[in-house]
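One structure below.
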Amino acid sequence: MKTITINGTNDERFSSAAKALREGRLVAFPTETVYGLGANALDPQAVKRIFKAKGRPLDNPLIVHIAKVSQLNPLVKEIPAQAEALINAFWPGPLTLVLKKSGLVPDEITAGLDTVAVRMPDNPIALKLIEEASVPVAAPSANLSGRPSPTTYHHVLEDLNGRIEYIINGGPCKIGVESTVLDITSGIPAILRPGGVTMEMLEKVIGKVETDTALKPEDGIKPRSPGMKYRHYSPNAKMFLFDGEPEEVIKKINSLTSENHAKGLRTGVLSSLENKDRYMAEVVVNIGSLSCLEDVASRLYNALRKFDEEKVDIIYSESFSEEGMGRAIMNRLRKASSGMIRS
Ligand code: TXA
Ligand code: MG
């Protein structure tokens with residue numbers, strides 16, 4: 001299959017892409033978080049193609065994207081008052097709400113769950129595409145399953161060229177990590193995946209919010225969000241996350257780097273701006289300042305892909321503060337890595 005690139009909404013073939021999407025074809029498109037791989041959410045065959053193109057496990061449900069609040073009603077059983085408050089505060093934006101699903105939503109999307117995850121992306125290209133297709137659009141991140149999520153057109157091409165019909169190029173994604181997934185179907189709302197809308201922002205609107213216990217490193221707890229159980233977002237080389245006093249972390253990483261070097265192995269380090277000149281590794285990727293976690297989030301996946309390009313054998317990463325956007329960053333780093341080393 002030849003993959004056609006569309007350059008934004010002014011491209012004369014934009015309408016063909018929207019039509020193809022409605023008719024069951026796959027179209028990758030930019031959102032404010034990461035690029036999505038879209039299919040008509042009401043067409044089970046189209047939805048199945050997403051799993052095939054990505055190599056995604058079938059038990060991992062998809063988020064349905066809408067362009068207008070009126071598209072939500074038919075997809076869900078009810079819209080609780082909390083949902084209304086959250087929609088007013090955060091849509092369009094990086095907040096996905098898990099609600100009780102209606103009969104209209106195919107099981108292929110929800111992996112048989114009785115809930116459906118819905119969001120309205122804050123990106124003009126995404127909104128116009130969904131509107132022109134005039135169907136809700138199921139879309140996971142537009143990467144091969146297990147790879148870091150795509151935050152540029154180039155990342156999507158790298159993973160999915162020849163596997164899907166269209167990619168719409170909308171430049172780099174603003175936020176760079178996926179939406180927050182919030183379950184409001186039972187009791188206290190629970191964050192199933194930390195993301196672009198932080199816990200602090202949510203609590204200002206609806207009060208107490210829980211974090212799904214399976215997001216913490218304890219073992220053996222079944223996650224409520226099926227996607228969270230997979231190793232994810234990973235570069236090819238094994239990555240280890242370092243926690244502790246910054247000076248100790250730097251010392252430890254440099255000492256491991258020389259051991260690797262002696263064995264002929266190339267080391268990569270994911271470093272904050274503040275420490276980037278202090279590492280001896282062959283490849284040091286600066287992921288932004290410790291004092292601007294939004295910036296770090298927006299560069300995270302590109303940094304992970306950079307290590308693949310540079311063909312390093314092992315990756316060491318600094319840790320970031322787990323406040324605000326830091327929760328999403330640390331969640332992704334933990335899932336991408338093979339372990340945490342405390343110094
Ligand atoms: O920012 C985003 O959310 C991006 C862009 C493209 O919108 N999409 C995205 O989709 O990250 P994906 O498929 O990579 O992640 C969807 C997450 C998974 O962790 C999945 O398990 C969870 O949402 N999810 C989907 N439906 C669910 C449901 N009914 N109940 C619980 N979790 C659900
Ligand atoms: Mg994903």
* Taking only C-alpha pairs under 8 Å that are 6+ residues apart, what is the relative contact order of the chain in percent? -> 19
* Asked: Based on the Cα atoms of the range 119-201, what semi-axes does the equivalent ellipsoid have, where each is the square root of 5 times one gyration tensor eigenvalue, given in whole Å with the largest first?
  -> 25, 16, 13
* Asked: Which trypsin sites (Lys or Arg not before Pro) does the range 237-305 hold that lie in a coil by DSSP with at most 11 other beta carbons within 10 Å?
  -> LYS263
* Asked: To the nearest µm²/s, what D does Stokes-Einstein give for the range 29-116 at 37 °C and 0.692 mPa s, using the Kirkwood radius over alpha carbon pairs as Rh?
  -> 237
* Extending each Cα 7 Å along its Cβ direction at LYS263 and LYS238, get the distance between those two points in nm, one decimal. => 0.8
* To do: Could you work out how far helix 44-54 tilts from the main Cα principal axis of the chain, as a 0 to 90 degree angle to the nearest 10?
  => 10
* To do: Report in % the part of the accessible area of the chain that belongs to carbon and sulfur, leaving out ligands and nucleic acids; probe 1.4 Å.
  => 50
* Once you sort the root eigenvalues of the Cα gyration tensor of the range 275-320 as a ≥ b ≥ c, which label holds: rounded (a/c under 1.5), prolate (a/b larger than b/c) or oblate (the other case)? -> oblate
* Asked: Which trypsin sites (Lys or Arg not before Pro) in the range 117-209 pass both tests, a DSSP loop state and at most 12 other beta-carbon atoms within 10 Å?
  -> LYS208
* Determine the gain in length on full extension of the stretch THR5-ALA81; use 0.36 nm per residue of separation and subtract their C-alpha separation, reporting nm with one decimal. => 23.2 nm
* Estimated dipole of the chain in Debye, rounded to 20 [Cβ of Lys and Arg +1, of Asp and Glu -1, Cα centre] -> 880
* To do: Please turn the phi angles of the range 163-179 into ³J(HN,Hα) values with the Karplus equation 6.51 cos²θ - 1.76 cosθ + 1.60 (θ = phi - 60°), one per residue in order, whole Hz, x for glycine and proline.
  => 10, 9, 6, 9, 10, 9, 8, x, x, x, 7, 5, 8, x, 10, 5, 5
* Asked: Roughly what % of Cα-Cα distances in the range 4-219 sit above 24 Å, to the whole percent?
  -> 37
* Asked: By a straight-distance test (C-alpha under 16 Å), which lysines pair with LYS128 as possible cross-link partners, with residues fewer than eight away in the same chain excluded?
  -> LYS19, LYS68
* Would you mind checking which residues have amide H under 5 Å from ASP122's amide H? H placed 1.01 Å from N; only 5 or more apart, or other chain. => GLU32, GLY93
* **Dipole magnitude of the range 36-75, debye to nearest 20 (Cβ charges: Lys/Arg +1, Asp/Glu -1, about Cα centre)** => 140
* Structure fact -> Given GluC sites (Glu not before Pro), DSSP loops and at most 15 other Cβ atoms within 10 Å, the longest exposed-site-free stretch of the chain is 79-217
* To do: Distance check, please: which entries in LYS54/LYS335; LYS2/LYS52; LYS54/LYS263; LYS263/LYS335 exceed 25 angstrom between their Cα atoms?
  => LYS54/LYS263; LYS263/LYS335
* Would you work out the charge dipole size for the range 1-46 about its Cα centre, treating the Cβ of every Lys and Arg as +1 and the Cβ of every Asp and Glu as -1, and quote it to the nearest 20 debye? => 160
* Protein-only accessible surface order, largest first, of THR198, THR9 at 1.4 Å -> THR9, THR198
* Structure fact -> The base-10 log of I(q)/I(0) that the Debye equation returns for the range 238-342 at q = 0.12, 0.23 Å⁻¹, one scatterer per C-alpha, is -0.34, -1.36
* **Rounded accessible area per residue of the chain, 1.4 Å, Å²** => 42
* Structure fact -> Rounded to the nearest 0.05, FRET efficiency between GLU274 and LEU104 (Cβ-Cβ, R0 45 Å) equals 0.35
* Structure fact -> If unit charges are put on Cβ atoms (+1 for Lys and Arg, -1 for Asp and Glu) and the dipole of the chain is taken about its Cα centre, the option from GLY244, ASN88, ILE63 lying farthest towards the positive end turns out to be ILE63
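The values are calculated or read from the model by the stated rules, or taken from the named source; none is laboratory data. What you see is a predicted model, and the numbers here were worked out from it, not measured in a lab. Neighbour counts run over all protein chains shown; Cβ positions are idealised from the backbone, glycine included. Just so you know, the surface numbers come from the protein's heavy atoms only, side chains and all, with ligands and any DNA or RNA stripped out. Shrake-Rupley method; radii C 1.70, N 1.55, O 1.52, S 1.80 Å.
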